[in-house]
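The values are calculated or read from the model by the stated rules, or taken from the named source; none is laboratory data. Fair warning: this is a prediction, and the values are worked out from it, not measured in the lab. Methodologically, a virtual Cβ is constructed for each residue, glycine included, from the backbone with ideal geometry; neighbour enumeration extends over all protein chains shown. With ligands, DNA and RNA removed, areas are computed over all heavy atoms of the protein, side chains included. Shrake-Rupley method; radii C 1.70, N 1.55, O 1.52, S 1.80 Å.
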Amino acid sequence: MTESESEVHPGTHPIPVVGAALSADAERARVAAVIVTFNRLPKLPQTLATVGAQTHGCDWIVVVNNASTDGTREYLDGLDDPRLVVLHLDENLGGAGGFEHGMAHGVNLGADFVWIMDDDCYPDPGALATLLEQRDASSRALGREVPFACSLVKYIDGSLCEMNNPITTWDWPRAYLAGVKSLLVVECTFVSVLVPRWAIEEQGLPLGEYFIWFDDKEYTKRLTHAYGPGIIALDSEVVHDMGVNAGVNYRFIDESNVWKFEKGARNQASYRLHREGRVSYLLYYRRIFLEMREGGVAKPVRKRMFRALKAARAFDPQPRFPNDPRYQR
(Lines give C-alpha, C1' and ligand atoms only; values in the text may rest on other atoms or scores of the structure.)
Protein backbone atom coordinates (compact mmCIF):
# COMPACT_ATOMS: atom_id res chain seq x y z
CA MET A 1 0.00 0.00 0.00
CA THR A 2 1.37 3.43 -0.94
CA GLU A 3 1.80 5.81 1.96
CA SER A 4 0.77 9.44 1.71
CA GLU A 5 3.39 12.11 2.35
CA SER A 6 1.77 13.05 5.65
CA GLU A 7 2.22 9.45 6.80
CA VAL A 8 5.91 9.30 5.92
CA HIS A 9 6.73 12.63 7.60
CA PRO A 10 4.96 12.29 10.98
CA GLY A 11 4.82 15.20 13.41
CA THR A 12 4.52 17.85 10.70
CA HIS A 13 1.45 19.97 10.06
CA PRO A 14 1.30 20.30 6.29
CA ILE A 15 -0.85 23.08 4.86
CA PRO A 16 -3.10 21.86 2.03
CA VAL A 17 -2.78 23.73 -1.24
CA VAL A 18 -6.48 23.61 -2.06
CA GLY A 19 -8.21 26.50 -0.34
CA ALA A 20 -5.08 27.68 1.46
CA ALA A 21 -4.43 30.71 -0.77
CA LEU A 22 -1.26 31.41 1.18
CA SER A 23 1.39 31.68 -1.50
CA ALA A 24 1.02 34.13 -4.35
CA ASP A 25 0.81 32.84 -7.91
CA ALA A 26 4.36 32.23 -9.13
CA GLU A 27 4.06 34.58 -12.11
CA ARG A 28 2.66 37.49 -10.06
CA ALA A 29 4.63 36.95 -6.85
CA ARG A 30 6.33 39.97 -5.29
CA VAL A 31 9.85 39.03 -4.26
CA ALA A 32 12.38 40.72 -2.01
CA ALA A 33 15.91 39.48 -2.60
CA VAL A 34 17.95 39.67 0.61
CA ILE A 35 21.75 39.86 0.35
CA VAL A 36 23.92 40.05 3.46
CA THR A 37 27.37 41.55 2.97
CA PHE A 38 30.49 42.19 5.01
CA ASN A 39 33.74 43.51 3.52
CA ARG A 40 33.30 41.80 0.17
CA LEU A 41 33.23 44.77 -2.17
CA PRO A 42 35.14 43.02 -5.00
CA LYS A 43 32.35 40.42 -5.35
CA LEU A 44 29.20 42.29 -4.28
CA PRO A 45 28.72 44.14 -7.62
CA GLN A 46 28.45 40.85 -9.54
CA THR A 47 25.92 39.52 -7.03
CA LEU A 48 23.82 42.67 -7.44
CA ALA A 49 24.13 42.52 -11.22
CA THR A 50 23.00 38.90 -11.49
CA VAL A 51 20.16 39.38 -8.99
CA GLY A 52 19.04 42.50 -10.83
CA ALA A 53 19.00 40.67 -14.19
CA GLN A 54 16.55 37.90 -13.22
CA THR A 55 13.86 36.96 -15.73
CA HIS A 56 11.36 37.19 -12.88
CA GLY A 57 12.32 40.62 -11.63
CA CYS A 58 12.73 41.30 -7.93
CA ASP A 59 10.46 44.02 -6.56
CA TRP A 60 13.03 44.86 -3.91
CA ILE A 61 16.73 44.08 -3.52
CA VAL A 62 17.49 44.39 0.18
CA VAL A 63 21.19 44.61 0.98
CA VAL A 64 22.16 44.29 4.63
CA ASN A 65 25.55 45.92 5.15
CA ASN A 66 27.05 44.36 8.28
CA ALA A 67 29.10 47.46 9.23
CA SER A 68 31.62 46.87 6.43
CA THR A 69 34.86 48.87 6.52
CA ASP A 70 36.05 48.39 2.93
CA GLY A 71 34.03 51.08 1.15
CA THR A 72 30.85 49.03 0.83
CA ARG A 73 28.72 51.78 2.40
CA GLU A 74 29.93 54.38 -0.07
CA TYR A 75 29.49 52.00 -3.01
CA LEU A 76 25.92 51.12 -2.05
CA ASP A 77 24.96 54.73 -1.33
CA GLY A 78 26.18 55.66 -4.81
CA LEU A 79 23.94 53.20 -6.66
CA ASP A 80 20.83 54.38 -8.49
CA ASP A 81 18.32 51.53 -8.60
CA PRO A 82 14.74 52.09 -7.41
CA ARG A 83 14.54 48.46 -6.30
CA LEU A 84 17.54 48.79 -4.00
CA VAL A 85 16.91 49.00 -0.24
CA VAL A 86 20.05 49.28 1.88
CA LEU A 87 20.20 48.55 5.59
CA HIS A 88 23.44 49.87 7.09
CA LEU A 89 23.82 48.10 10.43
CA ASP A 90 25.74 49.85 13.22
CA GLU A 91 27.61 46.66 14.10
CA ASN A 92 28.48 43.38 12.46
CA LEU A 93 25.74 40.95 13.45
CA GLY A 94 27.17 38.12 11.38
CA GLY A 95 25.35 36.30 8.63
CA ALA A 96 22.65 35.12 11.04
CA GLY A 97 21.85 38.61 12.34
CA GLY A 98 22.00 40.02 8.83
CA PHE A 99 19.50 37.53 7.47
CA GLU A 100 17.28 38.03 10.50
CA HIS A 101 17.04 41.77 9.83
CA GLY A 102 16.92 41.46 6.05
CA MET A 103 14.15 38.86 5.96
CA ALA A 104 12.09 40.87 8.44
CA HIS A 105 12.52 43.94 6.26
CA GLY A 106 11.49 42.03 3.14
CA VAL A 107 8.28 40.87 4.79
CA ASN A 108 7.56 44.36 6.11
CA LEU A 109 8.01 45.81 2.63
CA GLY A 110 5.14 43.59 1.48
CA ALA A 111 6.96 40.74 -0.28
CA ASP A 112 5.17 37.45 -0.93
CA PHE A 113 8.55 35.68 -0.88
CA VAL A 114 12.03 36.49 0.31
CA TRP A 115 14.99 35.14 -1.68
CA ILE A 116 18.12 34.99 0.46
CA MET A 117 21.80 34.64 -0.41
CA ASP A 118 25.37 35.59 0.44
CA ASP A 119 27.28 38.44 -1.19
CA ASP A 120 29.35 36.07 -3.34
CA CYS A 121 26.42 34.23 -4.91
CA TYR A 122 25.81 34.66 -8.65
CA PRO A 123 22.44 33.27 -9.77
CA ASP A 124 21.75 32.29 -13.36
CA PRO A 125 19.17 34.58 -15.04
CA GLY A 126 16.30 32.13 -14.54
CA ALA A 127 17.20 30.99 -11.03
CA LEU A 128 14.44 32.91 -9.24
CA ALA A 129 11.73 32.15 -11.80
CA THR A 130 12.56 28.46 -11.55
CA LEU A 131 12.43 28.51 -7.74
CA LEU A 132 8.99 30.10 -7.86
CA GLU A 133 7.69 27.71 -10.52
CA GLN A 134 9.13 24.59 -8.92
CA ARG A 135 7.93 25.48 -5.43
CA ASP A 136 4.44 26.02 -6.82
CA ALA A 137 4.51 22.86 -8.94
CA SER A 138 5.88 20.77 -6.05
CA SER A 139 3.20 22.10 -3.72
CA ARG A 140 0.49 21.02 -6.14
CA ALA A 141 2.10 17.64 -6.80
CA LEU A 142 2.48 16.91 -3.08
CA GLY A 143 -0.86 18.38 -2.02
CA ARG A 144 0.73 20.73 0.54
CA GLU A 145 2.46 24.07 0.59
CA VAL A 146 6.24 23.62 0.32
CA PRO A 147 7.89 25.87 2.95
CA PHE A 148 11.17 26.61 1.15
CA ALA A 149 12.96 26.02 -2.14
CA CYS A 150 16.70 26.15 -2.72
CA SER A 151 18.91 26.25 -5.81
CA LEU A 152 21.60 23.88 -7.02
CA VAL A 153 24.84 25.53 -5.88
CA LYS A 154 27.96 25.18 -8.01
CA TYR A 155 31.53 26.21 -7.33
CA ILE A 156 33.24 28.60 -9.77
CA ASP A 157 34.60 25.67 -11.81
CA GLY A 158 31.14 24.14 -12.24
CA SER A 159 31.61 21.37 -9.67
CA LEU A 160 29.38 20.80 -6.65
CA CYS A 161 29.90 23.43 -3.97
CA GLU A 162 30.80 21.27 -0.97
CA MET A 163 29.61 23.74 1.66
CA ASN A 164 26.13 24.08 0.17
CA ASN A 165 24.91 20.56 -0.46
CA PRO A 166 21.37 20.19 0.97
CA ILE A 167 20.27 17.10 2.90
CA THR A 168 17.62 15.06 1.13
CA THR A 169 14.80 13.05 2.69
CA TRP A 170 14.72 9.29 2.43
CA ASP A 171 11.85 9.68 -0.04
CA TRP A 172 13.63 12.40 -2.04
CA PRO A 173 12.19 11.42 -5.49
CA ARG A 174 8.54 11.90 -4.43
CA ALA A 175 8.01 15.23 -6.23
CA TYR A 176 10.38 14.24 -9.05
CA LEU A 177 8.33 11.15 -9.86
CA ALA A 178 5.22 13.31 -9.88
CA GLY A 179 6.71 15.20 -12.83
CA VAL A 180 8.50 18.03 -11.04
CA LYS A 181 12.26 18.44 -11.52
CA SER A 182 12.88 18.88 -7.79
CA LEU A 183 13.98 16.70 -4.87
CA LEU A 184 12.75 16.80 -1.27
CA VAL A 185 15.21 18.24 1.26
CA VAL A 186 15.07 18.69 5.02
CA GLU A 187 17.74 21.38 5.31
CA CYS A 188 19.94 23.64 3.20
CA THR A 189 22.24 26.64 3.43
CA PHE A 190 21.37 30.28 2.76
CA VAL A 191 22.83 30.43 -0.76
CA SER A 192 19.74 31.08 -2.89
CA VAL A 193 16.77 29.99 -0.80
CA LEU A 194 13.18 31.09 -1.44
CA VAL A 195 10.88 31.33 1.59
CA PRO A 196 7.19 32.28 1.42
CA ARG A 197 5.86 35.09 3.56
CA TRP A 198 3.42 32.91 5.49
CA ALA A 199 6.19 30.59 6.72
CA ILE A 200 8.17 33.54 8.10
CA GLU A 201 5.12 35.06 9.77
CA GLU A 202 4.23 31.75 11.43
CA GLN A 203 7.67 30.34 12.30
CA GLY A 204 9.66 33.52 12.76
CA LEU A 205 13.10 34.55 11.58
CA PRO A 206 16.57 32.97 11.70
CA LEU A 207 18.27 33.08 15.09
CA GLY A 208 20.46 36.16 14.99
CA GLU A 209 22.25 35.11 18.17
CA TYR A 210 23.92 32.31 16.20
CA PHE A 211 26.02 34.99 14.42
CA ILE A 212 27.53 32.58 11.89
CA TRP A 213 27.13 28.92 10.86
CA PHE A 214 24.16 26.60 11.37
CA ASP A 215 21.64 29.46 11.39
CA ASP A 216 20.53 28.38 7.91
CA LYS A 217 20.26 24.72 8.79
CA GLU A 218 18.38 25.44 12.03
CA TYR A 219 15.94 27.60 10.11
CA THR A 220 15.20 25.19 7.28
CA LYS A 221 14.97 22.32 9.77
CA ARG A 222 12.44 24.42 11.70
CA LEU A 223 10.32 24.87 8.60
CA THR A 224 10.60 21.17 7.73
CA HIS A 225 9.48 20.13 11.21
CA ALA A 226 6.50 22.46 11.00
CA TYR A 227 5.28 21.85 7.45
CA GLY A 228 7.21 19.00 5.85
CA PRO A 229 10.31 19.04 3.62
CA GLY A 230 11.33 21.78 1.23
CA ILE A 231 12.77 21.21 -2.23
CA ILE A 232 15.92 21.72 -4.26
CA ALA A 233 14.92 22.94 -7.72
CA LEU A 234 17.46 21.23 -9.96
CA ASP A 235 17.15 23.71 -12.83
CA SER A 236 17.69 26.74 -10.58
CA GLU A 237 21.47 27.17 -10.58
CA VAL A 238 23.79 29.61 -8.82
CA VAL A 239 27.55 29.94 -8.48
CA HIS A 240 29.07 30.39 -5.02
CA ASP A 241 32.35 32.25 -5.40
CA MET A 242 33.84 31.11 -2.10
CA GLY A 243 37.59 31.01 -1.66
CA VAL A 244 38.11 27.27 -1.21
CA ASN A 245 35.62 24.59 -2.21
CA ALA A 246 35.50 22.68 1.07
CA GLY A 247 32.91 21.78 3.67
CA VAL A 248 33.19 21.96 7.45
CA ASN A 249 35.95 19.65 8.71
CA TYR A 250 36.92 19.63 12.39
CA ARG A 251 40.28 18.08 11.50
CA PHE A 252 41.46 21.37 10.03
CA ILE A 253 40.75 23.81 12.88
CA ASP A 254 43.56 26.18 13.76
CA GLU A 255 44.05 29.59 15.36
CA SER A 256 43.02 31.41 12.19
CA ASN A 257 39.57 29.82 11.81
CA VAL A 258 38.67 28.56 15.27
CA TRP A 259 36.35 31.51 15.93
CA LYS A 260 34.00 30.26 13.18
CA PHE A 261 34.15 26.67 14.38
CA GLU A 262 33.48 27.77 17.96
CA LYS A 263 30.25 29.49 16.97
CA GLY A 264 29.23 26.69 14.66
CA ALA A 265 29.84 24.06 17.35
CA ARG A 266 27.98 26.06 19.98
CA ASN A 267 25.04 26.57 17.65
CA GLN A 268 24.75 22.99 16.43
CA ALA A 269 25.30 21.55 19.90
CA SER A 270 22.60 23.83 21.28
CA TYR A 271 20.18 22.71 18.58
CA ARG A 272 20.94 19.06 19.17
CA LEU A 273 20.61 19.30 22.95
CA HIS A 274 17.48 21.47 23.12
CA ARG A 275 15.65 20.12 20.04
CA GLU A 276 16.85 16.52 19.64
CA GLY A 277 17.96 15.52 23.13
CA ARG A 278 21.03 14.62 25.15
CA VAL A 279 22.04 11.59 23.06
CA SER A 280 22.24 13.69 19.89
CA TYR A 281 24.30 16.29 21.76
CA LEU A 282 26.73 13.67 23.09
CA LEU A 283 27.15 12.03 19.69
CA TYR A 284 28.02 15.43 18.19
CA TYR A 285 30.48 16.07 21.04
CA ARG A 286 32.12 12.71 20.35
CA ARG A 287 32.35 13.40 16.64
CA ILE A 288 34.19 16.69 17.19
CA PHE A 289 36.51 15.10 19.75
CA LEU A 290 37.45 12.24 17.43
CA GLU A 291 37.92 14.39 14.32
CA MET A 292 40.10 16.92 16.14
CA ARG A 293 42.22 14.10 17.53
CA GLU A 294 42.56 12.53 14.08
CA GLY A 295 43.59 15.87 12.64
CA GLY A 296 46.15 16.59 15.36
CA VAL A 297 44.44 19.87 16.26
CA ALA A 298 46.52 21.89 18.73
CA LYS A 299 45.58 21.51 22.39
CA PRO A 300 44.75 25.22 23.01
CA VAL A 301 42.39 25.16 20.01
CA ARG A 302 40.74 21.97 21.22
CA LYS A 303 40.15 23.58 24.61
CA ARG A 304 38.35 26.46 22.97
CA MET A 305 36.12 24.05 21.08
CA PHE A 306 35.24 22.13 24.21
CA ARG A 307 34.34 25.39 25.96
CA ALA A 308 32.02 26.19 23.04
CA LEU A 309 30.34 22.80 23.33
CA LYS A 310 29.85 23.37 27.05
CA ALA A 311 28.44 26.85 26.46
CA ALA A 312 25.73 25.30 24.28
CA ARG A 313 24.03 23.91 27.38
CA ALA A 314 22.89 27.37 28.47
CA PHE A 315 22.50 28.77 24.96
CA ASP A 316 18.97 28.45 23.60
CA PRO A 317 17.84 31.54 21.64
CA GLN A 318 14.23 31.76 20.50
CA PRO A 319 12.95 33.13 17.18
CA ARG A 320 11.62 36.64 16.76
CA PHE A 321 9.02 37.77 14.23
CA PRO A 322 8.87 40.48 11.55
CA ASN A 323 6.40 42.58 13.55
CA ASP A 324 8.98 43.09 16.32
CA PRO A 325 9.59 46.86 16.69
CA ARG A 326 13.34 46.42 16.25
CA TYR A 327 12.80 45.75 12.54
CA GLN A 328 10.72 48.84 11.85
CA ARG A 329 12.70 51.26 9.70
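Quick notes on this structure:
- Both radii are taken from the alpha-carbon atoms of segment 183-284; with Rh as the Kirkwood radius, Rg/Rh is 0.98.
- Residue ranking by accessible heavy-atom surface, 1.4 Å probe, largest first, among H240, H274, H101, H225 comes out as H225, H274, H101, H240.
- Three-way shape call for segment 97-166 based on the alpha-carbon gyration tensor, with the a/c threshold at 1.5: oblate
- Paramagnetic label reach from A67 (point 7 Å along Cα→Cβ; backbone nitrogen cut-off under 14 Å): within segment 234-260, no residues.
- For the chain, the Cys residues with no second cysteine's beta carbon closer than 4.7 Å are C58, C121, C161.
- Calculated mean residue ellipticity at 222 nm for the chain: -11000 deg cm²/dmol, from DSSP H runs with n ≥ 4 weighted as -39500 (n - 2.57), summed, divided by the residue count and rounded to 500.
- Prolate/oblate/rounded label for segment 108-264 (Cα gyration tensor, a/c 1.5): prolate
- The alpha-carbon atoms of segment 76-200 define a convex hull whose volume equals 139 cubic angstrom per residue.
- Accessible area of segment 11-157 divided out per residue, in Å², using a probe of 1.4 angstrom: 39 Å²
- Per-residue 3J(HN,Hα) values for segment 32-48, derived from phi via the Karplus relation 6.51 cos²θ - 1.76 cosθ + 1.60 with θ = phi - 60°, read 10, 6, 10, 10, 9, 10, 8, 6, 9, 4, x, 9, 4, x, 5, 4, 5 Hz in sequence order (x marks Gly and Pro).
- Local electrostatic count, L84, Cβ distance below 12 Å [Lys/Arg +1, Asp/Glu -1]: -3
- Each Lys and Arg Cβ is given +1 and each Asp and Glu Cβ -1; about its Cα centre, the chain then shows a dipole of about 1540 debye.
- Phi to ³J(HN,Hα) by Karplus 6.51 cos²θ - 1.76 cosθ + 1.60 over segment 224-229, Hz, x for Gly, Pro: 4, 5, 7, 10, x, x
- Distance in nm between pseudo-label sites at D25 and E162 (7 Å out along the Cβ direction from Cα): 4.6 nm
- Cα lying deepest toward the dipole's positive end in the chain, options G106, L207, S256, charges on Cβ: S256
- Three principal axis extents describe the C-alpha atoms of segment 218-329; from largest down they are 44, 36, 32 Å.
- DSSP beta bridges confined to the chain are antiparallel in about 40 percent of cases.
- Accessible surface of the chain, 1.4 Å probe: 52 percent of it comes from carbon and sulfur atoms.
- For V86, the amide hydrogen comes within under 5 Å of the amide hydrogens of V63, counting only partners 5 or more places away or on other chains and with H modelled in the peptide plane.
- Shape call, segment 64-104: gyration tensor on alpha carbons, a/c limit 1.5: oblate
- Per residue, the accessible area of segment 238-329 comes to 58 Å², computed with a 1.4 Å probe over protein heavy atoms only.
- If you look at the Cα atoms of the chain, you get an Rg and a Dmax of 19.4, 62 Å.
- Taking every C-alpha pair closer than 8 Å and separated by at least 6 residues, the mean separation divided by the residue count of segment 72-217 gives a relative contact order of 34 percent.
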